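A.B. asks: Before anything else, here's the structure in question.
The values are calculated or read from the model by the stated rules, or taken from the named source; none is laboratory data. Just so we're clear, the structure is a prediction, and the values are computed from it rather than from any experiment. Reconstructed Cβ throughout: ideal geometry from the backbone, glycine too, with neighbour counts over all protein chains shown. Just the protein is used for accessible areas: all its heavy atoms, side chains included, with ligands, DNA and RNA removed. Shrake-Rupley method; radii C 1.70, N 1.55, O 1.52, S 1.80 Å.
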Amino acid sequence: MDKIEETRQFLKMIGMPKAQQSDICCYTLLAMAKITPNMKWEDATNEWLRIHDIIQFVYENYGIKYAENSRETFRKQALHRFRTVALV
């Protein structure tokens, strides 16, 4: 199972709604934990990142290019929801 699916399963397991199990939410969580495709979950970090940093991390490590103008999507779909449930 790849990291995006592992992350999706984690979000499902902790009860996040289907909308917060999307790719953008999974990539956000991976970036915030600084988990690259070949890393183990035990090596996760807990550092503060800007949305720009998240977008850059996803591109550099997962090859997915999000436009800079998608910052609001990251904020509304992932970060606000994750903050509400104290995930971040």
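A.B. asks: Do we have any residue at all in region 46-54 that's among the charged types (D, E, K, R), modelled with pLDDT under 95 and touching a His at 6+ places or on another chain (Cβ under 9 Å)?
C.D. replies: no
A.B. asks: Do you know which of the residues in region 5-48 that are open to solvent by less than 30 Å² (accessible area, probe 1.4 Å) and more than 9 Å from the chain's Cα centre (by Cα) is nearest to H80 (Cα to Cα)?
C.D. replies: The qualifying residue nearest to H80 (Cα to Cα) is Q20.
A.B. asks: Continuing with the same structure: Only one of these conditions is not met by M16: (1) assigned to a loop (DSSP other than H, G, I, E, B); (2) over 22 Å from E72 (Cα atoms). Which number is it?
C.D. replies: Going through the list (1) assigned to a loop (DSSP other than H, G, I, E, B); (2) over 22 Å from E72 (Cα atoms), M16 breaks only (2).
A.B. asks: Also: Based on what the data block shows, is A86 surrounded by fewer than 17 Cβ atoms within 10 Å (Cβ to Cβ), more than 21 Å from D2 (Cα to Cα) and out of contact with any Phe, Trp or Tyr (no Cβ under 8 Å at 6 or more places or on another chain)?
C.D. replies: Working: surrounded by fewer than 17 Cβ atoms within 10 Å (Cβ to Cβ): yes; more than 21 Å from D2 (Cα to Cα): yes; out of contact with any Phe, Trp or Tyr (no Cβ under 8 Å at 6 or more places or on another chain): yes.
Yes.
A.B. asks: In addition: Those residues that are within 13 Å of the chain's Cα centre (by Cα), of a type in the set (A, V, I, L, M) and in a loop (DSSP other than H, G, I, E, B), I need them from region 49-88; list them, please.
C.D. replies: Matches in region 49-88: L49, I64, L87, V88.
A.B. asks: Need pairs with beta-carbon distance below 7 Å; first residue of a type in the set (V, I, T) and within region 59-84, second part of a helix (DSSP H, G or I); sequence gap 6+ or separate chains.
C.D. replies: I64/Y27; I64/V58; T73/I24
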